[in-house]
Amino acid sequence: MAESDWDTVTILRKKGPTVAQSKSKQAVAAAQRRGEELDTTKKWAAGQNKQHVITKNTAKLDRETEELQHQRVSLEVGKVIQQGRQNQGLTQKDLATKINEKPQIIGDYESGKAIPNNRVMGKIERAIGLKLRGKDIGKPLEAVPKKK
């Protein structure tokens, strides 16, 4: 133990500067003075809120003269749904429960505000027994035998 040197210290691991410290202006300037190689790249739109920038596509849509909207259910279909529901003595809530949808959806279809969904339209057709799609809107739904 006589050969031990208590005055020297061995550092096994030394932490380097953190990311924030290495990106600071002082750290970059000090590295440039020392002649170290620096890699400075700016990432596109990094840390900026670029979601509200007008792009070519939105500008093209703004220049468009006609108003673009989703197709809605016609009032004719809404009246057929309402009449079929009332003929069976169902409320909007009862019909919605019967087809496993929300009552608001039935109200939207009857008022013509809903965007047509073939799955929902098919459920309503089967529940009220009237056709809602195609040429024969309002005619009784014919039972089609299932093919196996």
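The values are calculated or read from the model by the stated rules, or taken from the named source; none is laboratory data. Keep in mind that this is a model prediction, so the values were computed, not measured. No Cβ is skipped: glycine too gets one built from the backbone with ideal geometry, and neighbour counts run over all protein chains shown. Surface accessibility is based on the protein's heavy atoms, side chains included, excluding ligands, DNA and RNA. Shrake-Rupley method; radii C 1.70, N 1.55, O 1.52, S 1.80 Å.
Once the chain from Gln104 to His70 is taken as fully extended at 0.36 nm per residue, the excess over their C-alpha distance is 10.4 nm.
Carbon-plus-sulfur accessible fraction, region 75-136 (probe radius 1.4 Å, protein heavy atoms only): 45%. Considering amide H positions built from the backbone, and no H for Pro or chain starts, which residues 5 or more places from Leu130, or on another chain, come under 5 Å of its amide H? When sequence neighbours closer than 5 places are left aside, the close amide H contacts are Leu141. Extension gain, Ala30 to Asp94, is 15.5 nm, computed as 0.36 nm per intervening residue step minus the present C-alpha separation.
Spacing of the modelled spin labels on Gln83 and Lys135, each 7 Å from Cα toward Cβ, amounts to 1.9 nm.
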